[in-house]
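A.B. asks: The structure follows.
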Amino acid sequence: MKHVLIIDDATTVRMYHRQILSEAGFAVDESINGVEALEKALTKRYDLFVVDVNMPKMDGYRFLRELRSNADVHQAPAVMVSTEAEAKDRDAAWAAGANYYMTKPTKPGALTRVAHLLTGEAQ
Amino acid sequence: MTIRFLKTKAVLSENCTVEEAEEIVQWLINNPKAELNMREVTHLHTASLQAIAATGNRISALPNDPFCAQALQRLGRA
Amino acid sequence: MSPLLEQFLIEGRDFLEQIGQKLLSLEEDPGNEDIIGEIFRAVHTLKGNSGLFDMPSLTSVVHAAEDLLDRVRDRTMEMNPELTDALLEAMDFVNRLFEDVESRGAIRPEYSAQSADIAVRLRNLLPAREPQAVGLFEEEPSFVEPPADWSWLSRVPDAERLAAYEALAAEPSVFVVRYRPEPECFFKGEDPVLLVRTVPGILVFDITTPEPWPEATALDVYRCNLQFDLVSSASPEEVEHHFRYVRDQTAFYSIPAVALALPSGESGAKTNAPVDDAMIAPIYLEQAQERLETGDLDGLLDLTTTALDMINPALHAASALRWVKRLIEAGAGVAPIEFLIDALSRNVMPDWQSYAGPVDAPQAVAAVAITQAPIEEQASTRSIRDPESARVADDLAKTQIVMLQRPSRPVELAGRLRSVRNVIANLLGAMGETGAVASLDEATHIALDGADAAPLIAFIDGIAFGETAREHIEVPALEPPLALPEAEPREAVLEGASSSVAYSASPPAPQAPASRPAMLDPDAVDPAKRSGEAAGGDRGVRVLKVPQEKVDRLMDLIGEMVVAKNALPYLAARAEDHFGSRDLSREIKSQYAIINRIAEEMQDGIMQVRMLPVGAVFQRFPRLVRDVSRQLGKLVRLVVEGEETEADKNIVESLADPMIHILRNSLDHGLETPEVRRSRNKLEEGRLTVRASQEGDRVLIEIEDDGKGIDPDVVKRKAFEKGLIDEQRLETMTDAEAVQLVFAAGFSTADQISNLSGRGVGMDVVKSSLEKVGGQVQLTSEKGKGTRILLSLPLSMSVSNVMMVHIAGQQYGVPMENVMETVRVAGKDIHVFKEQRTAVLRGRIVPLYDANQLLARDSIPQPNEDGEYAVLVVRIGGQTVGIIVDGFAQTIDVILKPLEGPLACISGFSGSALLGDGSVLLVLNLKELL
């Protein structure tokens, strides 16, 4: 089973993404901010990160930067999810090293598809 | 922010606010030989920056934050 | 109401409360950025959450509020009472919408006009942008004059100016601000340093003190005595807008970009540099002027580079040469370079203010050709079958290129390259192009070695992910527009109306009981909700959102109390035996009975708080079954029963993954296609039943299908082929035993992995993950008829009864459910047979294990004075074994907690428990140990 870490401060969004991804056959863990997510990523190998942008303590951009600078972490693909759809927000995600960008609310089919492709689980 | 006043130095970190300027100045006046460690400072409120600029205490570590470090350098404190 | 919608309301109300409170504290403490940030985040998250549902009237109001707060946050707008009022009003409105969603399941259409109204009112508060700023510019005179000269720039270190000039690329001029904050500005909540550091496009800045500092003791820290000068690459409009509230304290002007070119550094005279160094200048200047006359900038560049190599880089002359070089490279043109060299030859600072020469049109800087690593381009002909997936795969691959082309901090580069490598490797895997992974790894390797993404980009560029195989004609399943149809309020209201008599009986319910019908909703089984019913109130549902840690802390304390109260019977015995007071003893005993009852009720109470209906997990199954069966072309009817059965939160949560796996197995391997079913005289539509119930202190979950069942012969043969059973077992095994082989580790392997159920995880993982929380799995299957899996889990994982034993001088706990009896066996009665110790107990030969060995301790078992060993007889997996320990102690109730952190990976322990005296007891997992 592939492991996904959902990083979002909104409980509702985490629940929503968890439903979609567990139905798609993933084992799902959750973190409420970047700090917690980094700690998790250091102790467990994840196959995919689904990262929110705006979070307290450590936001999504900073999390990605910290993640990518850490040689001890498995560098799994990271999808950034955000309510913003503007080019500058996408740009910010690329600049932070995100591997993909999706706008919220994510479509279940689209998220499942991307998650499967990014973890090599595509049909 | 957090200021830790130790015996021979003060360690400033994070955001130094306007409220803390007075406290910093008083401590620096009372401990003219003490050093300032500012490595973890992320922002200096103008009043705090002034306080540090106007007193002569040695800065043992400049802020990692480039803007703060440059500001201190311009005021002859680095 | 779906759990998701319920969660949205709980979290949403939380945010509304926070926003309301924080808006008020912001009035007390205006300009507090932390508070502004928190309010913004709450509104932002609320907006994001509302987007998951179809609630336009809610989303639009929250969105407008978010836009306003965004402006407050970036300081282009200030918080004022009017704004606070508007925001509070908007949040009240949102609260009313929440009530509608809760009581009616949907937002009344009447609200949409009101929503539009509020959104417009909020947006009207937004300051108009540029036009007003320009107006402001003309109306308000400034008290600050631009400086007479631009010499302040020379106070900025050379390196910073060089970097700034480089960042400007070919911009001919830059915008400059002089900002002299009024001395009293701090009392207005202003922070000039913050305003300066947030100037858009700020390149370099300087700070000076208009008045000399007084003696430190006479310093007034609340009087601003600083002046700022800064250069920005942003447009004048943007920069003026940024300073619009302190317009009267600023002066703006433009300067040519070349004005940054001010040589600095030590003059030769001050250093001990040899005279020769200083002499280079005249020769250089002479030759430079010659080159300039002929317009030979390339020659000048060579000359300058050579000259630079020969002098001390700290010297003023070196700084000057670096600037010459930089101007040539940036394509600044002949004129400014001539101006600079002229100033150098006269040994003065270039006075760029008097430089009237034209700023040459920017010349394109020759792009540095990227040398591509010699990697064979892989124009793939294979592809991903589903056209939409192929399109997404192509997009994913392109995105990696876009991302890699962004500048990256060196420390992040390796991580980025590796993540891209993983993305591409997985995409190749999805295409069935695993052969190309070797080349991918090579490209990644070269990129990592050279700290340059180019080779990897070139590799990705060479692969065609988007090519769709033509022969593929399957029509992809249509994606429903909304993720969770059951979460859509309108549907929910229909359900509610049909199922709730109370609701339809009193249609225009008055305010107070308006929310009551929701309480009668059979789905409203959250215990916290039920207990809130009595409290009533406008909200209808009063749910306390408590962090889990707090509940855990209560659990811990109660656990300690349960242990501590056990000291009382002992005390009563002592009162009688030691102090001879029967009365006191009786009194203690009766007090103990009371405390015991309260403690038990407390325990029960806290457990209730943690109880959740298993429906929270079942919720996802209809969609799962629907999607999977469609994908497989099967007809399946899902029947769910007993979803209101409650169990501890941890138990319910631990059910999700195993159950999904079992359901997938049934759908994939169990249930047949309609054609096959017809041929076997079964209904075309298969039946999948999920049934939850409570039995004593356990919750039972039954998953049953009427599919083809498990063929014991096939399973046996497979297990034999995989070496899981030997030939003898193969022959003697009953059918019932054979089907249990699916739980054997290593049974599920590649050849039976389909894209659905078998993601490389077998039933063994399902079994072990359930066992971790004290669950058991039973499987019965009849070939041709179907399979039934029964999960039995504890209702709560909170209290366990354990027996304490001594091993190698330490105490350990053994779960009482394992313990059959404790016996003492004389040393001579222990026989060693093929290194296996055994003893005859109650007429049976029982294998004995040394606990020291199981725990890898160096000690050996300690017999008592009579030479007898303490043996704990336990039953593990249907087998009776004896464990030799050093001694037994009492049995106690403990709150068992799973091992956490680094300990979590240690096997052999099912958890730890805190004892009454504060020490920690490790509880053994005998199954793992043996």
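No lab work stands behind these numbers, since they all come straight from the coordinates. Predicted, not measured: the structure shown is a model, and the values here were computed from it. With ideal geometry, Cβ positions are generated from the backbone for all residues, glycine too; neighbour counts draw on all protein chains shown.
A.B. asks: Per the Kirkwood definition applied to all pairs of different Cα atoms, how many angstroms is the hydrodynamic radius of the stretch C:200-257?
C.D. replies: 13.5 Å is the Kirkwood radius here.
A.B. asks: Looking only at other chains, what is the average number of their beta-carbon atoms within 10 angstrom of each beta-carbon in C:1-7?
C.D. replies: The per-residue average across the peptide is 3.
A.B. asks: Summing Lys, Arg as +1 and Asp, Glu as -1, what charge do residues with Cβ under 13 Å from the Cβ of C:Asn801 carry, C:Asn801 excluded?
C.D. replies: Local charge sum for C:Asn801: -3.
A.B. asks: With N set to the residue count of the stretch C:548-610, report its C-alpha Rg divided by 2.2 N^0.38 Å to two decimal places.
C.D. replies: 1.38
A.B. asks: What's the average, rounded to a whole number, of partner chain beta-carbon atoms within 10 Å of each residue's beta-carbon in C:390-401?
C.D. replies: The per-residue average across the peptide is 3.
A.B. asks: Something else now. Amide H of C:Ser254 versus every other amide H placed in the peptide plane: which residues, excluding those fewer than 5 positions away on the same chain, fall under 5 Å?
C.D. replies: HN-HN under 5 Å from C:Ser254: C:Val176.
A.B. asks: Shifting gears a bit: Per the Cauchy relation, a quarter of the hull surface: what is the mean projected area of the convex hull of the alpha carbons in the stretch C:613-794, in nm²?
C.D. replies: That works out to 10.4 nm², a quarter of the Cα hull's surface.
A.B. asks: Quick one, can you get me the convex hull of the C-alpha atoms of the stretch A:3-118 expressed as volume per residue in Å³?
C.D. replies: Convex hull of Cα atoms, per residue: 85 Å³.
A.B. asks: In addition: Note down the net charge around C:Thr838, summing +1 for each Lys or Arg and -1 for each Asp or Glu among other residues with Cβ under 15 Å from its Cβ.
C.D. replies: That works out to +2.
A.B. asks: Something else now. Mind ranking C:849-860, C:726-737 by how tightly packed they are, going by the mean number of other C-beta atoms within 10 angstrom, highest first?
C.D. replies: C:849-860, C:726-737
A.B. asks: Got a sec to turn the phi values of the stretch C:697-714 into Karplus ³J(HN,Hα) couplings, 6.51 cos²θ - 1.76 cosθ + 1.60 with θ = phi - 60°, whole Hz, x for Gly and Pro?
C.D. replies: Values, residue by residue: 9, 10, 9, 10, 10, 10, 10, 10, 10, 9, x, 7, x, 9, 7, x, 5, 4 Hz.
A.B. asks: Can I ask one more? Using 0.36 nm per residue, how much length does the chain from C:Asp713 to C:Asp220 gain when fully extended, once their Cα-Cα distance is taken away?
C.D. replies: Result for the pair: 168.3 nm of gain on full extension.
A.B. asks: Filter the cross-link list C:Lys767/C:Lys897; C:Lys828/C:Lys927; B:Lys7/C:Lys188 down to pairs whose alpha-carbon distance in this structure exceeds 24 Å.
C.D. replies: C:Lys828/C:Lys927; B:Lys7/C:Lys188
A.B. asks: Related question: Within the stretch C:758-846, report the trypsin sites (Lys or Arg not before Pro) that DSSP leaves as loop and that have at most 12 other Cβ atoms within 10 Å.
C.D. replies: C:Lys834, C:Arg842
A.B. asks: Within a Cβ distance under 11 Å of C:Ala826, other residues only, what is the Lys/Arg minus Asp/Glu net charge?
C.D. replies: -1
A.B. asks: Determine the equivalent ellipsoid of the stretch B:2-74 by diagonalising the alpha-carbon gyration tensor, then write out the semi-axes as square roots of 5 times the eigenvalues, largest first, rounded to whole Å.
C.D. replies: Computed over the stretch B:2-74, the values are 16, 13, 12 Å.
A.B. asks: Give a residue-ordered list of calculated ³J(HN,Hα) values for the stretch C:340-349 (Karplus: 6.51 cos²θ - 1.76 cosθ + 1.60, θ = phi - 60°; whole Hz; x for Gly, Pro).
C.D. replies: 5, 5, 4, 4, 4, 5, 8, 6, 10, 5
A.B. asks: Two-decimal Rg/Rh of the stretch C:275-354 from alpha-carbon positions, Kirkwood Rh?
C.D. replies: 0.93
A.B. asks: With Rg and the Kirkwood Rh both taken from Cα atoms, where does Rg over Rh land for the stretch C:799-929?
C.D. replies: 0.97
A.B. asks: On to the next question. Would you mind putting C:407-413, C:112-118, C:63-69, B:45-51 in packing order, based on average other-beta-carbon counts within 10 Å, highest first?
C.D. replies: With the highest mean Cβ count within 10 Å placed first, the list reads B:45-51, C:63-69, C:112-118, C:407-413.
A.B. asks: Aspartates and glutamates near C:Lys785 by alpha-carbon distance under 13 Å, same-chain residues fewer than 8 away left out - which ones?
C.D. replies: C:Glu672, C:Glu704, C:Asp705, C:Asp706, C:Asp711
A.B. asks: Counting partner chain Cβ atoms within 10 Å of every residue's Cβ in C:188-198, what's the average?
C.D. replies: Counting Cβ atoms of other protein chains within 10 Å of each residue's Cβ and averaging gives 4.
A.B. asks: Going down the table (A:Lys2/C:Lys634; C:Lys47/C:Lys550; C:Lys22/C:Lys550; C:Lys649/C:Lys772), which pairs top 18 Å between alpha carbons?
C.D. replies: Distance filter (> 18 Å) returns A:Lys2/C:Lys634; C:Lys47/C:Lys550; C:Lys22/C:Lys550.
A.B. asks: For the stretch C:92-131, which GluC sites (Glu not before Pro) are both in a DSSP coil and crowded by at most 13 other Cβ atoms within 10 Å?
C.D. replies: The qualifying sites are C:Glu110.
A.B. asks: Considering amide H positions built from the backbone, and no H for Pro or chain starts, which residues 5 or more places from C:Ile725, or on another chain, come under 5 Å of its amide H?
C.D. replies: Answer set, sorted by chain and number: C:Phe720.
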